[in-house]
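The values are calculated or read from the model by the stated rules, or taken from the named source; none is laboratory data. Because the structure is a prediction, the values reported are computed rather than measured. Cβ coordinates were reconstructed from backbone atoms using ideal geometry, including for glycine residues, and neighbour counts include every protein chain displayed.
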């Protein structure tokens, strides 16, 4: 799968967040969107994922040289971001079952196996609202990385993770994302050190 942006731009009111952005992202490759706080990293990531409208230019999604319709994009993209919430009234078991109804998990993964990989077996039947911030971030990573999607978008993926959680994050990338299109939005090299290509969004201002 490929995502191609041609002369893409996004503005809020009169301020351009990025402009004249032309780039092609390819499956099997990993990319980092970098830049200082407030530079537009998250905005660009959301535009790439199809969840935010751009004001100029074009974004094209293709599988096997066939262009996808806008309504088809959702099923191919998964996202982990600090501003996305999980359903805290559910237990982890319930949430993963609920999520799998929208996006099935990768082949060979059961809910029990996912919970074991996360190291959250003892909290599997506890409501997520009682989880620590680091535990919640593990759940967000799980619903993103374990979903059977070609595109994995990660916005500040190590937010609230301790050293063990960061190690788990890199393990998940290594084991489950090698053949997928991975884009990380971050200004922390720990989160994107595996990425082969880097894009500084600050270079795409009007």
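May I ask you to list the residues in the range 114-130 that are surrounded by fewer than 14 Cβ atoms within 10 Å (Cβ to Cβ) and out of contact with any strand residue (DSSP E or B) (no Cβ under 9 Å at 6 or more places or on another chain)? Those that are surrounded by fewer than 14 Cβ atoms within 10 Å (Cβ to Cβ) and out of contact with any strand residue (DSSP E or B) (no Cβ under 9 Å at 6 or more places or on another chain): 116, 119, 121, 122, 129, 130. Taking the range 99-206 as the region of interest, none of the strands (runs of 3 or more DSSP E) fully inside it holds 1 or more residues being in contact (Cβ under 8 Å) with a residue 40 or more places away in the chain and on the phi > 0 side of the Ramachandran plot.
Only one of the listed residues (89, 71) is exposed (fewer than 13 other Cβ atoms within 10 Å of the Cβ), in contact with a strand residue (DSSP E or B) (Cβ under 7 Å, 6 or more places away or on another chain) and either at pLDDT 95 or above or farther than 15 Å from residue 154 by Cα (or both). That residue is 89.
What residue, of 49, 28, 57, 35, is at positive phi and in contact with a helix residue (DSSP H, G or I) (Cβ under 9 Å, 6 or more places away or on another chain)? Steps first, answer last, please.
Working: 49 fails: at positive phi; 28 fails: in contact with a helix residue (DSSP H, G or I) (Cβ under 9 Å, 6 or more places away or on another chain); 57 fails: in contact with a helix residue (DSSP H, G or I) (Cβ under 9 Å, 6 or more places away or on another chain).
None of the other options fit; the residue is 35.
Applying the criterion of being in contact with a strand residue (DSSP E or B) (Cβ under 7 Å, 6 or more places away or on another chain) and surrounded by fewer than 21 Cβ atoms within 10 Å (Cβ to Cβ) to the residues of the range 181-194, the residue that is nearest to residue 18 (Cα to Cα) is 187.
Going by what's in this entry, would residue 38 be described as in contact (Cβ under 8 Å) with a residue 24 or more places away in the chain, in a loop (DSSP other than H, G, I, E, B) and more than 30 Å from residue 130 (Cα to Cα)? Write out each step before concluding.
Details: in contact (Cβ under 8 Å) with a residue 24 or more places away in the chain: no; in a loop (DSSP other than H, G, I, E, B): yes; more than 30 Å from residue 130 (Cα to Cα): yes.
The answer is no for residue 38.
The single condition among (1) within 22 Å of residue 141 (Cβ to Cβ); (2) in contact (Cβ under 8 Å) with a residue 24 or more places away in the chain; (3) out of contact with any helix residue (DSSP H, G or I) (no Cβ under 7 Å at 6 or more places or on another chain) that residue 63 does not satisfy is (1).
So which residues in the range 28-39 are at pLDDT 95 or above and either within 12 Å of the chain's Cα centre (by Cα) or surrounded by 13 or more Cβ atoms within 10 Å (Cβ to Cβ) (or both)? Break it down stepwise before answering.
So in the range 28-39, the residues at pLDDT 95 or above come out as 28-34.
Within the range 28-39, 29, 30, 31, 32, 33, 34 qualify.
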